[in-house]
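Right, one structure below, let's go through it.
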Amino acid sequence: MRPELVQLAGRIDWDWLDEEPAGCFSGQGRPAGPVRFMTGMFLLKAVYKLSDERVWERWVHDPYFQSFTGETFFRHPVPHQHRA
């Protein structure tokens, strides 16, 4: 049996999430982070009732959190800029 987060990640249409809201954002200013990563972090924060700081801390130590946000290899540092 596969972990729940891996199953959930397989059911989300990440391509749609990447393309659908694209027209709502400007191409100017600071570049956006990867949609799957940012959307995944928001979902993890809500589902597990974590603070901003805790979701980032847990991501570093939890391979299932990393897989859910699109990582294919376990990482120790956070690959995207964030404010903790």
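Odds and ends about this structure:
- Pair list, Cβ < 6 Å and 6+ apart or interchain, from the range 1-28 residues that are over 14 Å from Phe65 (Cβ atoms) to residues that are part of a helix (DSSP H, G or I) and at pLDDT 80 or above: Trp14/Arg36; Leu17/Val35; Leu17/Thr39; Asp18/Val35
- Looking only at the range 36-53, and only at residues there that are modelled with pLDDT under 95 and over 20 Å from Arg11 (Cα atoms), the one that is nearest to the chain's Cα centre (by Cα): Asp52
- Some residue of the range 14-21 being in contact with a Phe, Trp or Tyr (Cβ under 9 Å, 6 or more places away or on another chain), exposed (fewer than 14 other Cβ atoms within 10 Å of the Cβ) and of a type outside the set (S, T, N, Q): no
- When we screen Gly33, Gly70 for residues that are surrounded by 12 or more Cβ atoms within 10 Å (Cβ to Cβ) and either touching a strand residue (DSSP E or B) at 6+ places or on another chain (Cβ under 6 Å) or at pLDDT below 90 (or both), the only hit is Gly33.
- Residues (under 14 Å from Leu5 (Cβ atoms) and surrounded by fewer than 17 Cβ atoms within 10 Å (Cβ to Cβ)) located in the range 51-60: Arg58
- Among the residues making up the range 4-51, those that are acidic (Asp, Glu) and more than 23 Å from Phe73 (Cα to Cα) are Glu19, Glu20.
The values are calculated or read from the model by the stated rules, or taken from the named source; none is laboratory data. Since the structure is predicted, the reported quantities are computational estimates derived from the model, not experimental observations. Cβ atoms come from the backbone with ideal geometry, glycine included; neighbour counts cover every protein chain shown.
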